[in-house]
Each structure stands twice: as C-alpha cells, then as structure tokens.
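Each remark here refers to the structure printed beneath this line.
The values are calculated or read from the model by the stated rules, or taken from the named source; none is laboratory data. If you're wondering where the values come from, they're calculated on a predicted model, not measured in any experiment. Reconstructed Cβ throughout: ideal geometry from the backbone, glycine too, with neighbour counts over all protein chains shown.
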Amino acid sequence: MVEEKEVASLDSAIHYLNLVDQSILSPKGYTRAAMHFVAQDSLIKTKAEYLMKAGLTCMNQEGEYRLYGVNYLILLSNKFPQDESAPQALLQLALFFDNVLGDSERAMEFLRALIQRYPDSVLREDAEGLLNLMSVSETGEIEQVRQWLKTK
C-alpha cells in the first residue's frame, strides 16, 4: 500500500500548519491560514493535531473563519476523545465562548464536559476554577468584586 505523501507548498494547509508550529503568523497570516484550512477541510479533519492547530488559528483571526475554528475543536473533542489535546480543546472552547462570544452558559457546558470526561486531566483544576468563577459571575458577585477593585 502506497501512502500519500503530504507536500508543503506555499499554497497548502500543511505549509500553514508548519507556520503555526513556528509561531510566525501575522494577523493577515492567520486569515490566510484559516482560508487554506477551510479549503483543505478533508485533510484537517484527519488528525487531532491538525484540528487543534486549525481550530485555534481560525478562532484567533478576525474574520469569517472564526466559527470554523469552533467546529474544528468540537470535532476534535468528539472524533478523538482519547487524544491528549481533547481536554485542551474543551478548555479553549470555554474561553472562546465566554470571552469572545459572551456566552457564559455555553462556556460552562464545555468546562463541565472537560471535568466529566477527563477527571484525571491536569486541566481539570483549571476548569473547576473557571467554572466556579463563572458561576459567581452569573450571580453578580464578581461584578461587585470588579467595582471594589476599581475603587482601590
């Protein structure tokens, strides 16, 4: 059986995945990378590593590809639940929904999923802490703390 070789050309998702590894993308580079990831969607969906990189890249650009990033991380957590990056994907989804979309209820769902699915994860403690903070925020107590800090 001959395995298809992945070639990194300047017009390929593999090229941009390599740039993500090197942490050298500019803001325009994130958008260009996202465009290539979406165009080569069938490749991106083959590996958890690709989904994580493409998901975070798409979510970190200001444009039409942001929700593709959300979909990539959700797919990672469902298709590759045993991968070491699955808990991180759930945490990133929670942060994105809370901080970018302002949807703390959905963010808390992702945190609860992380805690339930990955009780032994090193991220569990972070997820529990964030969940507690968000719960306090929902009751308005966090806003009182913010006001207090501003006056000090």
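Among the criteria (1) assigned to a helix (DSSP H, G or I); (2) farther than 22 Å from Tyr30 by Cα, the one Gln92 does not fulfil is (2). Would you mind finding the one in Leu114, Leu149, Leu131 that is among the hydrophobic types (A, V, I, L, M, F, W, C) and either under 19 Å from Gly69 (Cβ atoms) or modelled with pLDDT of 95 or more (or both)? Sole residue among the options that is among the hydrophobic types (A, V, I, L, M, F, W, C) and either under 19 Å from Gly69 (Cβ atoms) or modelled with pLDDT of 95 or more (or both): Leu114.
When Met59 is tested against (1) touching an Asp or Glu at 6+ places or on another chain (Cβ under 6 Å); (2) among the hydrophobic types (A, V, I, L, M, F, W, C); (3) at pLDDT below 95, exactly one condition is not met: (1). Looking only at the stretch 9-30, how many residues end up being at pLDDT 90 or above and β-branched (Val, Ile, Thr)? Within the stretch 9-30, residues that are at pLDDT 90 or above and β-branched (Val, Ile, Thr) number 2. For the stretch 23-68, a tally of residues being of a type in the set (Gly, Ala, Ser), assigned to a loop (DSSP other than H, G, I, E, B) and under 21 Å from Ser85 (Cα atoms) returns 1.
The C-beta contact set for the stretch 56-75 (first residue in contact (Cβ under 8 Å) with a residue 12 or more places away in the chain and farther than 9 Å from Leu93 by Cα, second residue part of a loop (DSSP other than H, G, I, E, B) and hydroxyl-bearing (Ser, Thr, Tyr), distance under 8 angstrom, 6+ apart or interchain) comprises Cys58/Tyr65. Of everything in the stretch 53-112 that's assigned by TED's automatic domain parsing to the domain that holds Gln40, of a type in the set (Phe, Trp, Tyr) and in contact with a Gly (Cβ under 9 Å, 6 or more places away or on another chain), which residue is surrounded by the most Cβ atoms within 10 Å (Cβ to Cβ)? Ranking the candidates gives Tyr72 first.
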